[in-house]
1. Could you tell me which label, among (1) 30.9; (2) 25.0; (3) 35.1, carries the value of mean projected area of the Cα convex hull in nm² calculated for this structure?
2. Taking the mean number of other Cβ atoms within 10 Å as a proxy for protection, how do you rank 312-321, 36-45 from highest to lowest?
3. Using a Förster radius of 51 Å, what is the FRET efficiency between Leu139 and Ser403 based on their Cβ-Cβ separation? Nearest 0.05, please.
4. Hey, fewest Cβ within 10 Å first, where do Arg261, Arg66 land in order?
5. Taking amide H positions as placed in the peptide plane 1.01 Å from N, state which residues far from Arg261 in sequence (5 or more) or on other chains have amide H under 5 Å from it.
6. Got a sec to turn the phi values of segment 281-289 into Karplus ³J(HN,Hα) couplings, 6.51 cos²θ - 1.76 cosθ + 1.60 with θ = phi - 60°, whole Hz, x for Gly and Pro?
7. Once both axes come from the Cα atoms, what is the angle between helix 462-474 and the longest principal axis of the chain, in degrees from 0 to 90, rounded to 10?
8. Assuming R0 = 60 Å, can you tell me the calculated FRET efficiency for the pair Asp378 and Ser447, based on Cβ-Cβ distance, to the nearest 0.05?
Amino acid sequence: MISYNYRMSKYEAVIGLEVHAQLITQSKMYCSCDTNYQQAEPNTHVCPVCLGLPGTLPVVNKEAVRAVIMTGLALNSEIAKTTKFDRKNYPYPDLMKGYQISQFDEPICLGGYLEIGNEKIPRKIRVHRVHLEEDVAKLHHETSIGTQNTYSLVDVNRAGVPLMEMVSEPDMRSAEEARDYLTELHSILQYLGVSTAQMEDGAFRCDANVSIREKGSKELGPKVEVKNMNSFRAVQKAISFEIERQSALADTGERVIQETRGWDESKNITVSQRSKEKANDYRYFPEPDLPPLEINLEWVTRIKATLPELPRQKISRYSKEMGLSTYDASLLASNSKTADYFEKSLGFSKNPTPQTPKSIANWINTELAQYLNQGNVDILNQPVTPEIMSELVELIEQKIIGSAQAKQVLAEVYKTGKSASEIIDSLGLKQVSDTGELQVAVLQAISENPKAVEDFRSGKDSAQKFLVGQVMRLTQGKANPSVTATLVAEELSRYSNSKE
């Protein structure tokens, strides 16, 4: 059996992604129906337009156009001066009109790129286009009780919701690069506020076009479209499997068929869905009920002025201005809510030190993240507010509590929502720095551990650390570590000086 590593030294993957994102608007793309349909009863957010009844006329949602322009600007795309909508014709029961109003040859955004990889060695993945269309209805497949008869129900609530499609060029060469691209794009959309980009809700969907070719070849191999990937992890696994499957076929001389395949999460494989040996003819033609749009340059300029600081810009600022590692900065900036929480926490710092940003970042990325991940909780919907996080770090920096006590305090804050100071007072966790009080504990630790004293006199420096640990035990972890270490060293020096 030929190994995967051998195959990848022989073949090169060619990957492009087609990403759909539902846009955040109050009304649908071509009618005034409410888009807040997720919890609604089926077919309650509908009207004659999105039901596709004869004689109805669509009207373009201006806010959706603005969202696509904003996305295009963030992706370094060229914004068209003139754009139009087209009818994409294909027979499927989720299309109420029998066609989808989309864009074909004159999309809103053309070209551009998105950077992946680290800041020092970024890699540009080219963007082919960004265009606007409408979402389709949702099919619910059912089985009759007591029989094996199956049938499908159509919920039209989703039909007509503004949908933005972002198509990359086939510039990615591995499943890891595809995941990085998708993650970066996901963050950008959330920062822009144009989409929730929640994959679990269907607001962010990805199809992958995967092919392989021998390394050094410029010719593209047969393209396989992979669908049904519902998480970033699934995207990476599905593409990895497809690269391996196609490479194995090439090794045995079998032809890779151009087709659509679906990812089977339970089996970790892709399965054939339909052949695409013949290119689909969607019979695009200009939408006769919608005139072409002239996009005003001044409007584009105003939209550009509203662009927020994007993830990679934040990572650069956090690293250069605050001294954070690229890793920590990336964790914070990967999600706009986490970045916002971090910056608010910094804003509450009363006496910040050069170490404060690093300390706050560390507590967010490690200790707080554990609680959030365990409960799958949003960082903005939990008891540890930015003000409390700032207070906690300040108490550590002022040596009022140590790191062990701080973890205990954080746990109590997460349970109760009380401030750090309240919990420290109620549990008596304040760190002991009084030399007189600590001296008593130091002398007790030395008297109870004569062997450690002998080890120290014999030149074993580890004995000093052991005694510091004993003081920490006697004080239930409240002793100030640096003060304790100084007192232990001073006391042991007396034994050292008295050595015969």
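Any read-out appearing in this document is the output of simple, stated calculations on the displayed coordinates, not a laboratory observation. Bear in mind that the values here come from a model prediction, so they are computed numbers and not experimental data. Here Cβ is always computed from backbone atoms with ideal geometry, including for glycine, and neighbour counts include all displayed protein chains.
1. Checked against the structure: label (3).
2. 312-321, 36-45
3. Working: r = 54 Å, r/R0 = 1.05.
For Leu139 and Ser403, the calculated efficiency is 0.40.
4. Working: Arg261 23, Arg66 18.
Arranged by neighbour count, lowest to highest, Arg261, Arg66 become Arg66, Arg261.
5. Glu225, Val226, Lys227, Gln273
6. Couplings: 10, 7, 6, 4, 8, x, 5, x, 8 Hz.
7. Between the helix axis and the principal axis of the chain, the angle is about 80 degrees.
8. Details: r = 53 Å, r/R0 = 0.88.
E between Asp378 and Ser447, to the nearest 0.05, is 0.70.
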